[in-house]
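Student: This is the structure I have questions about; it appears just below.
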Amino acid sequence: MKLSIPKILGRGSNTGGNSNGKGNGKKPIKKMELRFHFSFKDFLFYLFIAFVALTIFASFVKPPASVENKPLSTVLQDIKDQKVDSVSVADNTLTIKYKNGQTAVSRKESDESFIRTLEAAGINPDSTKITVQDTSLSNNWINILSNILPLVLMGVFFFWVFRQARGAQDSIMSFGSSRAKPYTKDQPKVTFSDVAGVDEAKQELTEVVDFLKSPRKYQLLGARTPKGVLLIGPAGTGKTLLAKAVAGEAGVPFFSMAGSEFMEMLVGVGASRVRDLFAQAKKAAPAIIFIDEIDAIGRQRGMGLVGGHDEREQTLNQILVEMDGFAPNENVIVMAATNRPDVLDPALIRPGRFDRRVSLDLPDKEGRLAILKIHMRGKPFTPEVNWDKVAKRTVGFSGADLENMLNEAAILAARLGKTSIDPIDIEEAATKVKLGPEKKRLQSDLDRKMTAYHEAGHAVVIHELPHLDPVHRVSIVSRAMTLGQTFNPPEADRLHETKSHLLEQIAAMMGGRVAEQIIFNDVTTGAVADIQNATSIAREMVTEFGMSNLGPVNFGDHLDSFMGRFYQEPQKISEDMSGRIDQEIKRLLDEGMQLATDILKKNKKLLDKVAEALIARETLEGEEFEKIMGHPKVALAIAEK
C-alpha cells in the first residue's frame, strides 16, 4: 500500500516555499614523459607553411638595407670614370664593387646582356672585371615548386576528404552495432560480499550464478536456464551494484548496456543493436546481458501518442523475439533493472522472458547496519560512534544515502581538521543528505521567534501524542528551503500503518500553524508544506485506505501509473461522491488541527520554554528537549493479530 509518512516536520521560508519533507599518505612521484604526436593534419599544416615561406622568400627577397641602390645610368658613368673595380651579374641584378670599398646594386633589362649594354654605351667591357653567376638551377627549383607543389597539396587535400568521407560512412554503417560494455577481469571486481541489506535478492541471484557455473546438475533434473531476471526497487537500493556482483561472482562474459543506448535518430538502429548484442552474447555463452533502466525501451506498447512504427516499440519487439527464441542450452541470461515496473509491457515480464522478479526494498535496521559496515572501511571513526544508534536514526535511507552520508561525514571532519569522524559529524551528514547544507540567512528577531514557535509547536504535539515516535532533534537552522526542522524518525521499521498513527501525524503537522495562531494571532506561509503533506495523508486515508466515514472503498483512479492511461480511462467517481470525498478530507484535517490546538493550549508554558530554548541555542537534541518537557508518554502497544 502507498503511504505518505513524513519523518521531518519543519517551517519553510516566508516566500511560500516548501518547508519540510517526509519523513594522508604521500603520492608516488610519476616519471615525466614528453610525447610528440605528429598527425596527418599536422603534416598538411606544416607543408603549407613551408610552401608559403619559400614563395615569400623567392619573390620578395631584398638586399640588405646598407647597400645603395643606384640607377643603371649612374653605374655606366662610374665605369667610364674608372671608379668601378668589378661587377657581378646574377640574372637581372648587378652587384657593383667600387675601388674605394663601397658596394652598390642595380638592375639591367631582363632581355639584354650586360656586355651589350656596355658596348651600346661606348664602354670597353675589358675596362672592368665582370663576373656572371649561373642562377638557372635555383630558378628551376623555384619553378618546379611553384608549379608542382600546389598540385601535390590539392591531391593530399582530396585524399584527406575521401578518407574522412569513408570514416563517416563506416560510422554510419556501425550505428547498428551493439554499444554494450563488456565486463573484463581488469576492472575492479565486485562480489556479493560488497552488497548488503538485500539478503533475499542475493539468494535469488546466487542461484543464477550457480546455474552459470554448474549448469549440468540443474539440467539433470530437467531445470531449464532462466531466461531473464528483473531487478525492481527504488533508486539507490543497489540494483546496478547487484548486477556487477553477479558479473564478479559468475566469472563469465558480462555485457552491460543502458536502455537509452539502444535508441538513435535513425529508424531500425535500436533493433539492429539488440540483434548484435544477443549475437555477441550467444557466441560467448555462458554469458550475462545486463540492461539498466529497461523502462526506457520496455514501456507498454500502444499507450503512447506515437503509432506502432515507433522506434522504441521496434526495439522492444526485437528484445521480445530474441528472449523468446532462446534454446535451453545456450546459457545466456538477461538481467534488467528498473524502478518503474508498472510501466513495463506485459509481454516483457511474462514467464518465459523475465522468469524471475527480484524485489529490492529500502533496507531495514539490520540491513542498514550491514551497509554501514561496508562503507565504513578505510575511514577512521572515534570509539564514541554507536553504529546501532546510527542504524536506528537512518530509517528510510537507501544504500546510496548511507554511502553518501558517511562520505559527507568524512568531508566535514577533514574540513574541520579532525583526524577521525565522530558522532556529531555523522549526525550533521545525515541531516545534510536529507535536507541539504546549513545556510546562514540573516533573519530578524521576529522571524526567528516565529520559526522557533512553529517548530516548538510541532515538537510539543509530537511529545504529547502516544502513537508518534519521540522527538530526535528540533532546530531553527536554515537548510535548503526550510527555516527550521523537527525530526522524529521511527525507532523501528514500520510495516503497517494504523488509523490512529495517521491521524496523529496530521495533528503533528498542524502543530506549527496552530502555534502561530495561539502566540501571534496570525498565520504565515511557513506551513505550506505541512498543509500539503497533511492533505496528502488525509486524501490517501479516504480514497485508498478506506479509513473514513465513506467506508472501505477505493476511489483512487491511478492516473499517475502511466501517462497514456490518462487519455483512455473514463472517470470512475461521480460528482456527488467527489464532493463527499472532499468533505471527508476536510473533516480529517479539521480534527487534526483541533487536536493540535487542544494540546498546545493545555501546554502553552512548555511551548514557551521550548521556543525560548530554540531562540537561545538554535538546536535542541532529543535529550535536551526531554529535560524541558519531561518523560515522553508510552506509546500504546498494537497487539499482533
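Student: List every residue pair whose Cβ atoms lie under 7 Å apart, where the two residues are 6 or more positions apart in sequence or sit on different chains, the first residue falls within the stretch 184-210 and is farther than 17 Å from E403 by Cα, and the second residue, located anywhere, is at pLDDT below 80 and of a type in the set (A, V, I, L, M, F, W, C).
Tutor: Partner pairs satisfying both residue conditions: V209/A250.
Student: Based on what the data block shows, is T240 hydroxyl-bearing (S, T, Y), touching an Asp or Glu at 6+ places or on another chain (Cβ under 7 Å), at pLDDT 80 or above and assigned by TED's automatic domain parsing to the domain that holds P351?
Tutor: yes
Student: If you don't mind, there's one more thing I want to ask. Of I462, I519, I531, which residue is hydrophobic (A, V, I, L, M, F, W, C), closer than 30 Å to P552 by Cα and either over 34 Å from the mean Cα position of the chain (by Cα) or surrounded by 19 or more Cβ atoms within 10 Å (Cβ to Cβ) (or both)?
Tutor: I462
Student: For the structure I just gave you, tell me whether D388 is outside any loop (DSSP other than H, G, I, E, B), over 29 Å from L607 (Cα atoms) and not assigned by TED's automatic domain parsing to the domain that holds T240.
Tutor: Yes: the conditions hold for D388.
Student: Only one of these conditions is not met by V390: (1) surrounded by 14 or more Cβ atoms within 10 Å (Cβ to Cβ); (2) over 12 Å from E427 (Cα atoms). Which number is it?
Tutor: (2)
The values are calculated or read from the model by the stated rules, or taken from the named source; none is laboratory data. Because the structure is a prediction, the values reported are computed rather than measured. Cβ coordinates were reconstructed from backbone atoms using ideal geometry, including for glycine residues, and neighbour counts include every protein chain displayed.
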